[in-house]
Amino acid sequence: MNNGSIAEPVGFWTRFENSAAAEIGDFTTTRRVIRISLLAVMIGIASAGIAWLLLRLIALFTNIFFYQTFSFENTSPAGSTLGWLIIFVPVIGGLIIGFMARYGSERIRGHGIPEAIESILLNGSRVQPKIAILKPISSAISIGSGGPFGAEGPIIMTGGAFGSMIAQFFKLTSSERKTLLVAGAAAGMAATFGAPIASVLLAVELLLFEWKPRSLIPVALAAAAATTARRYLLDPAPLFPAGPYPSFVGFDGLMGCIIAGLLAGVLSLLLTKGVYASEDAFAKLPIHWMWWPAIGGIAIGIGGLIFPQALGVGYDVIRELLQTDAPLKLLLGVLFVKSLIWVISLGSGTSGGVLAPLLMMGGALGGLLGGFLPAEGIGFWPLVCMGAILGGTMRSPFTGIVFALELTHDINMLLPLLIAVTIAHAFTVLTLGRSILTEKIARRGFHMSREYSLDPMEITFAREVMRTDIDALHEGRTNKELAELIPSDLSQRVQHMYPVVDENDRLVGVVTRRDLRGAIQRVKDDPNGKLSEITRYHPEVVFDDEPLRPVVEKMAATGITRFPVVDREDPQRLLGTISLNNLLEARVIHLEAETRREQVLQLPSILAMAKARASREKEKAEREASE
């Protein structure tokens with residue numbers, strides 16, 4: 001570094017004063033989170049009401065379609081006496097949904113979570129208000145007419161739509177709208193299942209795309225508020241009570257959990273492939289997509305005629321799998337008939353959720369395995385496989401573990417679930433590029449990563465990548481002196497910005513390479529022109545202890561890609577400069593950490609060290625003995 005140093009800028013970037021650069025801390029959350037949290041709590045309470053309303057609508061349409069009665073009492077389509085006419089019920093429901101999707105909103109198609117993800121990533125967390133009305137009605141018709149779906153997906157989407165709609169009435173950022181959308185979605189799931197922690201984990205693993213207090217706090221409070229409201233609207237007891245199970249299942253039981261996790265991973269693979277193979281098949285039909293749900297309804301009707309328990313939400317079947325030794329006919333019916341009609345109907349683009357069907361199919365798999373694996377109690381292996389198939393199919397392992405615990409309230413299942421869910425998750429991560437929730441988004445031409453990690457820009461400082469071999473210029477230089485000092489062919493030099501200092505070597509501004517080229521070209525006409533005439537005073541600066549993330553944000557906000565780097569304690573002392581090229585060095589460091597393999601310790605060295613230590617101890621013992 002030659003010829004000078006930097007002075008403190010008078011007009012420092014005021015928008016940056018309150019950022020993490022001013023005082024480095026663990027989090028960047030501000031007090032604004034309190035206001036967002038209050039809105040989230042209100043949305044959570046309202047989402048509980050939405051969940052209650054949707055469950056009542058499903059019961060109403062089930063009674064209308066299968067029993068021709070106007071009642072809000074929970075019933076199962078399996079008890080219907082329609083006989084072979086049951087085939088036409090899902091077809092009618094599919095026709096209604098097709099018309100609603102075409103002439104209402106195409107956004108009601110699907111099982112809810114991918115649509116919520118797409119709204120967050122692509123639409124600035126803006127959901128049309130009519131979705132909050134059409135989605136629950138279409139889902140209630142779909143499930144009420146026998147659709148083999150769960151209510152949770154539509155509730156998640158509807159709660160998210162309501163949260164987004166409320167957020168749009170306030171002056172909020174896109175990130176704040178996202179938080180309120182996810183708060184409504186998590187609250188809807190929490191109210192449906194009485195599983196607040198799993199709902200928050202689902203939000204983190206699938207919807208928030210971050211782990212920050214600014215979003216976690218409002219979402220958690222919304223889920224807590226919805227679960228509290230659920231006690232007054234729905235049954236506060238566990239949705240699927242089971243157990244108790246042994247506190248430790250032994251080595252044989254843990255090995256069985258590994259087997260269950262692998263097989264659940266295989267089933268997750270088959271179901272995911274099946275859903276999108278079905279979607280591809282429907283896409284090849286020479287008719288409008290409006291008619292696809294009705295065609296899917298034919299498969300549902302035939303499946304319902306063969307195995308009536310495959311129709312509807314199926315909470316009663318899940319309870320039977322967990323609380324009894326389910327007969328082989330039930331297990332095979334769920335695994336084959338339920339799975340097949342679920343794959344076909346979901347591929348047709350109708351409206352319904354995936355959680356309850358996955359729980360049912362996982363439970364049936366566990367019921368079959370219970371005949372071969374160690375006996376650990378009624379419902380043990382169905383519960384293990386339920387959690388595993390959630391972790392494998394939805395790629396949200398912590399949600400699968402905690403969800404199973406909250407549904408049954410048996411903490412003894414923690415270790416078996418951890419093993420099985422992790423194995424299933426590992427299997428599908430290694431065999432499937434996308435999950436059942438993200439494949440649809442990928443097919444629309446968008447990519448989303450499900451891996452969250454610390455940004456290298458957060459832990460790398462300006463002093464680590466700044467350039468120190470720079471030239472600084474005195475503002476008293478004339479054009480003639482500049483022409484003698486700096487080569488006229490500036491294109492050969494790599495320094496694009498020059499700090500400008502006064503007679504005391506204090507920074508007063510900066511000058512760019514383009515400015516210098518113009519000054520040198522004017523040397524014949526104005527040899528005594530001063531550098532101060534082209535100096536850009538009061539430059540933006542970067543402190544040497546500043547993390548690179550706020551530096552990148554400053555570049556994005558100002559449009560400036562090069563800054564002088566100064567000492568925070570003595571802001572008039574130049575340390576170097578930083579540019580976009582320097583920021584890439586942080587990525588290089590991260591890439592090296594990810595790809596460079598080295599053997600730090602070698603076995604011969606360890607043995608030699610141990611041998612030398614033993615020799616020293618032996619000599620010491622001999623000396624002590626001789627004394």
The Cα radius of gyration of the chain, divided by 2.2 N^0.38 Å with N its residue count, comes to 1.27
Charge dipole of the chain built from unit charges on the beta carbon (Lys, Arg +1; Asp, Glu -1), centred at mean Cα; most positive-end Cα among Val500, Leu584, Pro77 is Pro77
Toy charge model, Lys and Arg Cβ at +1, Asp and Glu Cβ at -1: region 32-233 dipole around Cα centroid in debye, rounded to 20, equals 600 debye
Output ordering of 72-84, 528-540 (per-residue mean of other Cβ within 10 Å, highest first) is 528-540, 72-84
Pairs over 21 Å Cα to Cα, from Lys135/Lys440; Lys178/Lys273; Lys135/Lys338; Lys284/Lys440; Lys284/Lys338; Lys171/Lys440, come to Lys178/Lys273; Lys135/Lys338; Lys284/Lys338; Lys171/Lys440
One computes Rg over Rh for region 271-352 from alpha-carbon atoms, with the Kirkwood Rh, and obtains 1.04
Ordered by fewest other Cβ atoms within 10 Å, a rough proxy for footprinting exposure, Phe372, Phe427, Phe282, Phe149 read Phe372, Phe282, Phe427, Phe149
Subtracting the Cα-Cα distance of Leu332 and Gln128 from 0.36 nm times their residue separation yields 69.3 nm
Taking region 369-421, the whole-percent share of alpha-carbon pairs separated by over 14 angstrom is 45 percent
Note on the chain, DSSP bridge orientation, antiparallel percent to nearest 5 equals 75 percent
Computed for the chain: size of charge dipole around the Cα centre, +1 on C-beta of each Lys and Arg, -1 on C-beta of each Asp and Glu, debye to nearest 20, value 1900 debye
Relative contact order as a percentage, the chain, C-alpha pairs under 8 Å and 6+ apart, gives 19 percent
Whole-Hz Karplus couplings 3J(HN,Hα) for region 564-578, θ = phi - 60° and coefficients 6.51, -1.76, 1.60, Gly and Pro as x, run x, 10, 10, 7, 5, 6, 9, x, 9, 9, 6, 10, x, 9, 9
Once Lys and Arg are counted +1 and Asp and Glu -1 for all other residues with Cβ under 11 Å from that of Gly314, the total becomes 0
Restricting to aspartates and glutamates and to Cα separations under 18 Å from Lys618, and discarding same-chain partners fewer than 8 apart, the set is Glu627
Taking N as the number of residues in region 163-244, the ratio of its alpha carbon radius of gyration to 2.2 N^0.38 Å works out to 1.15
Over the chain, the sum of -39500 (n - 2.57) across DSSP H runs of at least four, divided by residue number and rounded to 500 deg cm²/dmol, gives at 222 nm -18000 deg cm²/dmol
Residues whose modelled amide H sits under 5 Å from the amide H of Gly110, counting only those 5 or more places away in sequence or on another chain, are Thr350, Ser351, Gly352
Cα-based Rg then Dmax for region 377-521, in Å, read 30.9, 93
Distance in nm between Ser453 and Phe88 label points, each 7 Å along Cα→Cβ, equals 5.9 nm
Here, Arg102 and Arg231, labelled 7 Å along Cα→Cβ, have an inter-label distance in nm of 4.9 nm
Filtering the chain for DSSP H helices with an axial alpha carbon extent of at least 24 Å and a Kyte-Doolittle mean of at least 1.6 returns 32-67, 414-431
Residues whose built amide H sits under 5 Å from the amide H of Gly150, excluding neighbours closer than 5 in sequence, are Gly353, Val354, Leu355, Ala356
Two pseudo-spin positions, 7 Å from Cα along C-beta at Arg536 and at Arg613, lie apart in nanometres by 5.9 nm
Percent of all Cα-Cα pairs per 10 Å bin for region 178-325, counting from 0 up to the last occupied bin, reads 9, 20, 30, 32, 8, 1
Interchain or sequence-distant (5+) residues whose placed amide H lies within less than 5 Å of the amide H of Val500 are Leu473, Val508, Gly509, Val510, Val511
Here P(r) for region 32-233, Cα-Cα distances in 10 Å bins, as whole percents, is 10, 37, 32, 16, 5, 1
Neighbour-count ranking for Trp292, Trp211, Trp342 (other C-beta within 10 angstrom, fewest to most) reads Trp211, Trp292, Trp342
Scoring region 209-361 by relative contact order with C-alpha pairs under 8 Å, at least six apart, yields a percentage of 31 percent
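We did not get these values from a lab; they are worked out from the coordinates using the rules stated. Bear in mind that the values here come from a model prediction, so they are computed numbers and not experimental data. All Cβ positions, glycine included, derive from the backbone under ideal geometry; neighbour counts span all protein chains shown.
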